[in-house]
Each structure stands twice: as structure tokens, then as C-alpha cells.
1. Cut-off 15 Å, label point 7 angstrom out along Cα-to-Cβ of Asp16: give me the residues of region 127-159 whose amide nitrogen falls inside.
2. Show me, for region 146-159, the HN-Hα J-couplings you get by feeding each phi into the Karplus relation (A = 6.51, B = -1.76, C = 1.60, θ = phi - 60°), rounded to Hz, glycine and proline as x.
3. Report the full-extension gain for the segment Leu123 to Phe53: residue separation times 0.36 nm, less the Cα-Cα distance, to one decimal in nm.
4. Would you mind giving the average projected area, over all directions, of the Cα convex hull of region 22-80 in nm² with one decimal?
5. Report the gain in length on full extension from Cys43 to Arg103: 0.36 nm times residue separation, minus Cα-Cα distance, nm rounded to one decimal.
Amino acid sequence: MAAIASQMSQEQITRDDALKLYTSALNFNVISRYDPAIIQLVCHTSHCVLYKFNEESEEWIKTDYQGALALYERSTSSDSEQELSSDSQLQQAFKYGIIILNRSNPECFSLGILPGSEMEVELNDNLIIIRSLSGEIYGLWLFSEEERESLFKTIQYLV
């Protein structure tokens, strides 16, 4: 009887695991409202602040985007590309996406990631620096060093 109870307790999900699963499902559902092409969450962080690099003044400018960040995989469809505008075609081409679910205002930040493209990513002190396909430079500040390292390595692998 004790062996069965021991086995059952090992098979049960822990409270932390249940919370992580719930958070992931909730994030997935929220992101799907902004990007219905989401297939799966790759990783997510508890809090991120977005900075944008101003090349004229050579300064980092804090934006109004901050909140939970998610990196997710997207479905790419080529079914009706001839009907789409060039911006829509580019949006459909992105295999991965980054979204910051903004706590400051209703508008969220999103950035498409296209593997094999000329996007660049680097880790500099406390910022993950990403150069987008359009040439804009963004800095992602994450409080947790563990989350920062994990997200950087994942983006670096994808790019």
C-alpha cells in the first residue's frame, strides 16, 4: 500500500508545474488573439522592458512597452500569397515571433523572426540586442539573468 501511495505522489503534478502549465496556456490564448498563426510557445519570460536604439543620438530610449514576453512559433502559409500586399506577405513569412504583452497600455510590441535572414542578435550586459530586418535596433531588458541567457540563446539559435 505504501508503495502505491509513493508511486502516485511521484506521478502527480506539482503545484509549481501546474502553475507553469496554466501560465503557458493563458499566454498562448492571449497571444492567439494578436497573432492567430501561433503554433506553440517556445519560451516566455515574466517581465521585459523594450528599448530602442536611436542611431542619430547613439542612445537607448526606453519605450512604453513592458510586460510578459513570449517567443513563439508561427505557421507560415503560402496558399494565398498573390492576394496579399507585400507587408502581409512579409508578415506571413515570419516563422517565429516575439511579443511583449504590454502592461503600460493596450498596444503590444511584436517582432517577426525569420531564420536564415540578416537579422542579428547579441547579448550586451543586461540587454538582448536585436537588429530587425528593417534595420531597427531593439534592446530587451530582462530582470532575470537566467531568463535573459535562455532567451538570448534561443533567439541566437533561431536567427
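1. Those under the cut-off are 146-147.
2. 5, 5, 4, 4, 5, 5, 4, 4, 5, 5, 4, 5, 5, 7
3. Details: separation 70, 0.36 × 70 = 25.20 nm, distance 1.45 nm.
Net length gain for the segment: 23.8 nm.
4. Working: hull surface 24.2 nm².
That works out to 6.0 nm², a quarter of the Cα hull's surface.
5. Numbers: separation 60, 0.36 × 60 = 21.60 nm, distance 1.89 nm.
Residue separation times 0.36 nm, minus the Cα-Cα distance, leaves 19.7 nm.
Every number in this text was worked out from the coordinates using simple rules, so none of it is lab data. The structure displayed is predicted, hence computed values, not measured ones. Counting neighbours? That spans all protein chains shown, and the Cβs are built from the backbone with ideal geometry, glycine included.
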